[in-house]
Amino acid sequence: MHSIAIPECGFPVNNALLGKEKLALAENTIVAQHVVRDCVQIFGSITNVPITKDVITAARRPAYVEYCVHLDDQKRQQAAELQRRAEFEKQQEDIGQLQRLKASLMEQLAKKDEEEQDQKREQTPPRS
């Protein structure tokens, strides 16, 4: 029979690390917290953990990558917004042209109606 004591001993550690306010953390964040906790235990105290150039570089790299991804997302969103604005302005311009065309056609139609009315008046003999 296999023992489940080893996996179960991690539950109190998880509860201590997470607490109630951090239950929505991603799995990789939880794993990272375990790694930090284990490293501190190996060195005995947080003040005994050596901070080398490699450690600093490793800590900066994910943050920098996330920052670059964030900047790329912002650029994409700005480009999409500019595209939407350009399309909207084009649509507004097209609507304006169509409204001007409609007004011109309505004016021509009114002139034709007026001419037809004049022709009808000229064709009908005056009543005496």
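Provide the packing ranking of 54-67, 27-40, i.e. peptides ordered by the mean count of other C-beta atoms within 10 Å per residue, highest first.
Values: 54-67: 10.4, 27-40: 12.1.
Highest to lowest by the protection proxy: 27-40, 54-67.
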Report task. For a label point 7 Å from the Cα of F88 along Cα→C-beta, name the residues of the range 64-81 whose backbone N is under 13 Å from it. Result -> 80-81
Report summary line: Env charge @ R60, Cβ radius under 12 Å, K,R +1 / D,E -1, value 0
Requested in this report: Averaged over every viewing direction, what's the projected area of the C-alpha convex hull for the range 52-120? Give it in nm², one decimal, please.
Outcome: 4.6 nm²
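The numbers here are math on the coordinates, done by the rules we state, and not lab data. Small disclaimer: the values here were computed from a predicted structure and weren't measured. Counting neighbours? That spans all protein chains shown, and the Cβs are built from the backbone with ideal geometry, glycine included.
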